[in-house]
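Below is one structure, written out as structure tokens; the observations come after it.
The values are calculated or read from the model by the stated rules, or taken from the named source; none is laboratory data. Just so it is clear, the model here is predicted, and its values are computed rather than measured. So basically every Cβ, Gly included, is an ideal-geometry build from the backbone, and we count neighbours across all protein chains shown.
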Amino acid sequence: MVDPVTEPAVPPPTPATELSSPKEAVGGWLQTLRTGDIGSLPIIIGLILIVIVFQSLNPTFLNAFNLVNLCLQIAALGIMATGITLVLMLGEIDLSIGSVSGLAAAVLLVTHVNHDYAPLLAVLVAVLVGTLVGLIQGSIFAKIGVPSFIVTLAGLLIWQGVQLRVLGEQGTINLPPAGTLVRWAQFSFVPRWLAITLAALAPLLYLLLSLLTRRRRAAAELPVIPLWLPIAVAVILLVLLQLVVAKLYLDRGVPWTFVFMVLVVVFFDWLLRRTAYGRKIFAVGGNIEAARRAGINVDWIRISVFALCSTLAAVSGVVAAMRLGFANQQSGSGETLINAIAAAVIGGTSLFGGRTRRYAPLLGALVIGSIANGLELLSLSSDVRLIVTGTVLLAAVVIDALVQRSRTSHGR
Amino acid sequence: MSGGREPILAMRGVSKRFGAVQALSDVDLDVYAGEVVALVGDNGAGKSTLVKAICGVSPPDTGTVTFAGREVRVESPHAAQELGIATVFQDLALCDNLDVVNNLFLGRELRRGASLDEVEMERRSGKLLRELAARIPSVRLPVASLSGGQRQTVAISRSLLGDPKVVLLDEPTAALGVAQTAQVLNLIERLRDRGLGVVLISHNMVDVRAVADRVVVLRLGRSNGEFRIHEVTNEQIIAAITGATQNVVSERVARLREQSAGDDPLAAGSAEGGA
């Protein structure tokens, strides 16, 4: 019993380390790829199915006029979904985003129309109201420890009440039809030459960045992706974007609000995946105790994320009000909240925190926007619309829960 | 192997009380560079309390801590890390959703302009794990898909990034299979070979025998013996853990020894040999 030890302690074991073997490393990389980037494939397939179904039900679905409308419609949704994605990453929820967007719309209209604020100033005030709301809700959640569900449920009521108060007895306020704000959101389109150039530059930029990273990795003797992969992705992207642009310019073209939404999505994707701040959000969503021990200021992350989410909700409310040309007591109510959450979840953001796919808000907004748009074209009554939207959300959440369960059972 | 040198970490007369409970009384502990000290004892013997006292989670009430020849007061985990004392807790502080690189560098990410320097972090992670001969299939795998031993490897490797002098490991082999345990034990030896002082807390005599150079036994919050691993049998260690040596005969021997050493001021504080 004295020295028969299971493992002789002295000899340094195992000849080569698996890490240095390039074959294993590439295998590991492929595995990450399978669970990571290509994970968006099901959404894209789903999107294609939705398009096929609605196109066969109503042939106007895919015409240029309707596609431009779709772009206009999902700008606000995509921005709001970007915000809620950040909160979902923490494993929390913000139920107040619809009300906050409505409040921001009301503030925008009241300051601009009733108080003659300059357009930009009115937008700024409305957005800052959203930031303030987020700071308040985030602080109550992080510092006092009230569950985010409850804080934001109360917020849902409170901010809707404030919205009614701000609107006052008028109830509905219209924007001047030829005013700057309406022009920005409804009649501002990217010039055709610029759209074609941007649609060509984006894949090129992607290719350039991929090749630069590849070179740095090679210099550091790390496993690299095969050369054809970024080239293939760039080519596919180039063809796809040029086709879409060509189609959209049969009608009015690419709306600036849509470009703005895409930029917001891309920026926050970069923030989440490529910065230390984003890494902290992942960590807090993955294991809060580990995040704390790693020296991350969890309270600050929580408060700042709720502030960002509310800010984006306010931006979304502003964009929506500018497109519609008015704000009323119904602004931001109804399906607004549920659509944003559905978009984030369908895009691949887990309700359990810590996981999201690339560009989830954009892909999710495309899916939800297409469904809403298609149903509208079929001129179905709102009962069917509500049932379908609710079912889509439920399906997305069920899939998320099933994926989570299989992850736990497979240790992934 | 530690004879004649200054200990990197020396604790003298450390006591800690929680309300009515005297968790530690007058405990001494020396850790030398390049050795593994096993800290053993039954449940409630004060192992975890002692670790928390070392790593700054709950500083001791009385007693002195000398680190690298300088008397220090470790008031917070951060202060301990600054000194060069790294701790790997029993419940691994890893984020399942992040990959190995991101876990290793969590809270101390390398930047390149505004964004993260993933390439450099991955290179350094690979280098560190290779130096430790750690078996991780890929540093880009999420930690959730690793085995218990691999996760423990990541947790221990992570503590090394701060370039510590002393590493505290709290039950690193608990809940691990045989092969995984061997993997972690190999890693512990490699820490020692790098010249680190390692404090290993364990319940498992086999593991202790496999890697430790010295064994310090705690019993009911007191030092209850310190042994060189090659000069002691398992039975002796277990006897010290359970207190089986504390019978009338041994107490009498201890008392006589204390009396005869009464003139010697150096021996006055010795608590070794039982309560």
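Couple of notes before you dig in:
- Residue pairs meeting the criteria (Cβ under 7 Å; at least 6 apart or on separate chains; first away from chain A (no Cβ under 14 Å), in segment B:63-92; second surrounded by 15 or more Cβ atoms within 10 Å (Cβ to Cβ) and among the charged types (D, E, K, R)): B:Gly63/B:Arg12; B:Thr64/B:Arg12; B:Ala68/B:Lys165; B:Gly84/B:Lys165
- Within segment B:1-43, restricting attention to residues that are assigned to a loop (DSSP other than H, G, I, E, B) and among the hydrophobic types (A, V, I, L, M, F, W, C), the residue that is nearest to B:Arg214 (Cα to Cα) is B:Met1.
- Condition check for A:Trp184: touching a Phe, Trp or Tyr at 6+ places or on another chain (Cβ under 8 Å) and either within 14 Å of chain B (Cβ to nearest Cβ) or in contact (Cβ under 8 Å) with a residue 60 or more places away in the chain (or both): yes
- Test for B:Gly84: is it among the small types (Gly, Ala, Ser) and over 20 Å from A:Arg293 (Cα atoms): no
- In segment B:226-241, the residues that are surrounded by fewer than 22 Cβ atoms within 10 Å (Cβ to Cβ) and either in contact with a strand residue (DSSP E or B) (Cβ under 8 Å, 6 or more places away or on another chain) or hydrophobic (A, V, I, L, M, F, W, C) (or both): B:Glu226, B:Phe227, B:Arg228, B:Ile229, B:Val232, B:Gln236, B:Ile237, B:Ile238, B:Ala239, B:Ile241
- Residue in segment B:72-86 that is touching a Cys at 6+ places or on another chain (Cβ under 7 Å), modelled with pLDDT under 90 and surrounded by fewer than 20 Cβ atoms within 10 Å (Cβ to Cβ) present: yes
- Single residue of B:Ser125, B:Ser138 found to be among the hydroxyl-bearing types (Ser, Thr, Tyr) and facing chain A (nearest Cβ under 8 Å): B:Ser138
- Restricting attention to segment A:248-272 and to residues that are of a type in the set (D, E, K, R) and away from every other protein chain (no Cβ under 14 Å), the residue that is farthest from A:Thr131 (Cα to Cα) turns out to be A:Asp251.
- Filtered by the rule that a residue be outside any strand (DSSP E or B) and facing chain A (nearest Cβ under 8 Å), segment B:93-102 gives B:Ala93, B:Leu94, B:Cys95, B:Asp96, B:Asn97, B:Leu98, B:Asn102.
- Hey, A:Thr275 more than 14 Å from every other protein chain (Cβ to nearest Cβ) and either closer than 24 Å to B:Leu104 by Cα or buried (at least 21 other Cβ atoms within 10 Å of the Cβ) (or both) or not: no
- Flag if A:Pro59 is assigned to a loop (DSSP other than H, G, I, E, B), at pLDDT below 95 and of a type outside the set (Val, Ile, Thr): yes
- Filter result for B:Arg111 (of a type outside the set (Gly, Ala, Ser), at the interface with another protein chain (Cβ under 7 Å from one of its Cβ atoms), farther than 12 Å from B:Leu161 by Cβ and buried (at least 19 other Cβ atoms within 10 Å of the Cβ)): no
- Evaluation of B:Ile156 against (1) under 14 Å from the mean Cα position of the chain (by Cα); (2) over 21 Å from A:Gly286 (Cβ atoms) (one fails), failing number: (2)
- All of A:Ser370, A:Ser406 fail the test of being in contact with a Phe, Trp or Tyr (Cβ under 8 Å, 6 or more places away or on another chain) and either part of a helix (DSSP H, G or I) or assigned by TED's automatic domain parsing to the domain that holds A:Ala313 (or both), apart from A:Ser370.
- Test result for B:Gly177, farther than 24 Å from B:Leu83 by Cβ, within 12 Å of chain A (Cβ to nearest Cβ), in contact (Cβ under 8 Å) with a residue 24 or more places away in the chain and surrounded by fewer than 20 Cβ atoms within 10 Å (Cβ to Cβ): yes
- When residues in segment B:26-61 are screened for being in contact with a strand residue (DSSP E or B) (Cβ under 6 Å, 6 or more places away or on another chain) and polar (S, T, N, Q), 1 of them pass.
- The condition of being within 30 Å of A:Ala195 (Cβ to Cβ), assigned to a helix (DSSP H, G or I) and aliphatic (A, V, I, L, M) holds for A:Val266.
- A:Arg302 being basic (Lys, Arg), in contact (Cβ under 8 Å) with a residue 24 or more places away in the chain, away from chain B (no Cβ under 14 Å) and in a helix (DSSP H, G or I): yes
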